[in-house]
Amino acid sequence: MTVSYPGAAVDTAAVDAAIRDFFAGRRAEADAFGQDFAATVAELENYVLRGGKRIRPAFAWLGWIGAGGDPRDPVAPAVLSACAGFELLHASGLIHDDIIDASRTRRGHPAAHVTYAERHRVRRFSGDSDAFGTGTAILIGDLALIWADVMVRASGLPADAQARVSPVWSAVRSDVMYGQLLDLINQASNDENVQSALRVNQYKTASYTVERPLQFGAAIAGADAGLIAAYRSFGADIGIAFQLRDDLLGVFGDPAVTGKPSGDDLREGKRTVLLATALEHADERDRDAAGFLRAKIGTDLSDDELARVRAILVDTGAVDQVERQIALRADRAMAVLEASDVTSAAKHQLAAMAIKATQRAQ
């Protein structure tokens, strides 16, 4: 594998190359189970490589660079391969999330369970197509989770680095599951508490998007406790700000840019910080608006109803408050980063990524 390293930043093409190399190594294993299994694994590879910003590998790589890692070091390809394992973990979460939320699209393409259901119909398999699609996607998501572990373990990291990374890698996988379960419970119980929504953000997004990847890279480099604490503080704030931006895009974003229908979070009844804040304010200022939100969230909103919900989110001040929270957390994270012992090259890249993550349009 040929890898190029533009300064401290991770080369996303190199991450994709590492993922392709990994899947190439699984091909003989998949072929042994027959053509259908091999085709399904190929679809998983396409899913992982199709779209996405490679945020998690980038933060993990920068965690290593910021703790003194050198891209010219012979161990760098192994570090990159281990960092790329986050993309398989992410794919697993997305596949399962779309099933839980009954989402039809992902990154501008049919969600995995929709793809497999259509394959069932085209091939005229027996049984229910949707059930087949859901079952297959669950298993493929599980396979992605397992292979994420394989990719990290087989990356070629030295034994001492593997030992340091192991508890971090276990923690990040656990955090994702905690967040998914909390999200499901909050939605089913109609939890309207802002702190409950923030707790979901912490485990479901902040932890495995920014905080743990940085800690992962730091562990490879053998960073000290002070630097790891700085990474975790920076990562928690940027990760939550990232999710708060995602909440806003889920309601107000352009589907052509985000790859998902606008308003899907509202139709799915997602208990976001944005919604919880709007309900809190509406209960105080406009009981009719609060009643409308509670009646319509989680239903198949018409265009007119969606427009009214958006207006309520703006009029209650919820949108402005979430924007202020994003700015506050970004500023706080930048201050922690600036005061830390992170190497100068990594500081520059982390600051740029933080701005991009919190001010993005997709």
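The values are calculated or read from the model by the stated rules, or taken from the named source; none is laboratory data. Keep in mind it's a predicted model, so treat the numbers as computed, not measured. Here Cβ is always computed from backbone atoms with ideal geometry, including for glycine, and neighbour counts include all displayed protein chains.
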### Task
Those residues that are of a type in the set (Val, Ile, Thr) and farther than 17 Å from residue 218 by Cα, I need them from segment 309-353; list them, please.
309, 312, 314, 316, 319, 322, 326
## Note on the structure
Given the conditions (1) at negative phi; (2) buried (at least 20 other Cβ atoms within 10 Å of the Cβ), every one holds for residue 321 apart from (2)
### Summary
Checked segment 196-244 for anything in contact with an Asp or Glu (Cβ under 9 Å, 6 or more places away or on another chain), closer than 22 Å to residue 324 by Cβ and of a type in the set (S, T, N, Q); matches are 201, 202, 205, 233
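Every residue, every condition in (1) at pLDDT 90 or above; (2) of a type in the set (Val, Ile, Thr); (3) over 25 Å from residue 239 (Cβ atoms), yes or no:
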position: 1; (1), (2), (3): no, no, yes
position: 26; (1), (2), (3): yes, no, yes
position: 34; (1), (2), (3): yes, no, yes
position: 57; (1), (2), (3): yes, no, no
position: 79; (1), (2), (3): yes, yes, no
position: 89; (1), (2), (3): yes, no, no
### Message
Being surrounded by 14 or more Cβ atoms within 10 Å (Cβ to Cβ) and among the charged types (D, E, K, R) is the filter here; which residues of segment 119-148 pass it?
### Response
119, 130
### Query
What about residue 235, is it in a helix (DSSP H, G or I), at pLDDT 95 or above, surrounded by 19 or more Cβ atoms within 10 Å (Cβ to Cβ) and not hydrophobic (A, V, I, L, M, F, W, C)?
yes
### Summary
Expected output for segment 231-252 (first residue more than 19 Å from residue 349 (Cα to Cα) and small (Gly, Ala, Ser), partner assigned to a helix (DSSP H, G or I) and modelled with pLDDT under 95, Cβ below 7 Å, 6+ apart or cross-chain) is 250/264; 250/265
### Message
Need pairs with beta-carbon distance below 9 Å; first residue under 17 Å from residue 265 (Cβ atoms) and within segment 188-206, second among the hydrophobic types (A, V, I, L, M, F, W, C) and outside any helix (DSSP H, G or I); sequence gap 6+ or separate chains.
### Response
190/297
## Note on the structure
Counted residues in segment 117-130 being under 18 Å from residue 104 (Cα atoms), without any contact (Cβ under 8 Å) to a residue 12 or more places away in the chain and either under 26 Å from the mean Cα position of the chain (by Cα) or not in a helix (DSSP H, G or I) (or both) come to 1
## Note on the structure
Considering segment 149-196, residues that are of a type in the set (Asp, Glu) and in a loop (DSSP other than H, G, I, E, B), and then whichever is surrounded by the most Cβ atoms within 10 Å (Cβ to Cβ), we arrive at 192
### Message
All but one of (1) over 15 Å from the mean Cα position of the chain (by Cα); (2) modelled with pLDDT under 95 hold for residue 137; state the number of the condition that does not hold.
### Response
(2)
### Message
Return the pair list, or none, for Cβ contacts closer than 6 Å from residues in segment 159-178 that are within 14 Å of residue 82 (Cα to Cα) to residues that are in a helix (DSSP H, G or I) and among the small types (Gly, Ala, Ser), at least 6 apart or on different chains.
### Response
164/219; 165/219; 168/219
### Task
Go through segment 289-329 residue by residue and tally those that are outside any helix (DSSP H, G or I), at pLDDT below 95 and either over 28 Å from the mean Cα position of the chain (by Cα) or over 20 Å from residue 201 (Cβ atoms) (or both).
4
### Task
Hey, could you check segment 330-345 for residues that are part of a helix (DSSP H, G or I), modelled with pLDDT of 95 or more and of a type in the set (A, V, I, L, M, F, W, C) and say which is nearest to residue 245 (Cα to Cα)?
330
